[in-house]
Amino acid sequence: ELQVADDAALAAVLQAELDCEIAHELQDELETMGLEEARTAAAKERLARHAGKEISHLGKVTLHKVDAQLRTGTQLGSVLRACRDEAVLGRLCELADAGQKERVHIEIVALLLDEELSRAL
């Protein structure tokens with residue numbers, strides 16, 4: 001009987017440790033999910049901004065000219081989605097001011113390579 005009581009006590013301690021470990025793992029998972037959701041929300045918010053604020057060398061007038069000709073929209077997300085097509089990206093860069101074409105191309109490619117932004121696109 002003494003052995004059974006000791007075994008039961010040991011089993012209760014082991015179960016409590018296991019429960020605690022599981023609770024910590026769940027808490028870590030919830031915190032990670034919350035962080036991931038916050039990152040996604042921030043990326044979506046950034047994609048909703050005016051593209052001229054994120055692609056600094058593009059300029060508002062040029063962006064409206066691009067939208068009028070290529071129907072890209074003026075939000076960063078819509079411009080980046082359109083620029084996934086290399087032909088659209090090339091045409092957009094052609095419409096940029098002469099001294100800014102390369103900079104615009106570099107900025108757009110960098111934004112397209114941003115993992116958090118591309119996941120939210």
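The values are calculated or read from the model by the stated rules, or taken from the named source; none is laboratory data. Computed from a predicted model, the values in this text were never measured in an experiment. Cβ placement follows ideal geometry from the backbone for every residue including glycine, while neighbour counts extend to all protein chains displayed. Only protein heavy atoms, including side chains, enter the accessible area calculation; ligands, DNA and RNA are left aside. Shrake-Rupley method; radii C 1.70, N 1.55, O 1.52, S 1.80 Å.
Filter region 39-70 down to the residues that are of a type in the set (G, A, S), without any contact (Cβ under 8 Å) to a residue 12 or more places away in the chain and closer than 15 Å to S118 by Cα and list them by number.
Listed by number, the list holds a single entry, A41.
I need the full set of residues from region 82-106 which are under 15 Å from H57 (Cα atoms) and either open to solvent by 40 Å² or more (accessible area, probe 1.4 Å) or touching a strand residue (DSSP E or B) at 6+ places or on another chain (Cβ under 7 Å) (or both), in order please.
Once the filter is applied, which keeps residues that are under 15 Å from H57 (Cα atoms) and either open to solvent by 40 Å² or more (accessible area, probe 1.4 Å) or touching a strand residue (DSSP E or B) at 6+ places or on another chain (Cβ under 7 Å) (or both), region 82-106 yields E94, D97, A98, G99, Q100, K101, E102, R103, H105, I106.
Provide a single number: the residues in region 37-63 that are of a type outside the set (V, I, T), assigned to a helix (DSSP H, G or I), open to solvent by 70 Å² or more (accessible area, probe 1.4 Å) and within 18 Å of R103 (Cα to Cα).
2
Search region 94-116 for residues that are within 17 Å of A42 (Cα to Cα) and of a type in the set (A, V, I, L, M) and pair each with any residue that is open to solvent by less than 60 Å² (accessible area, probe 1.4 Å) and at pLDDT below 90 when their beta-carbon atoms are under 8 Å apart and the residues are at least 6 apart or on different chains.
Hits for this filter: L111/E54; L111/L117; L112/S118.
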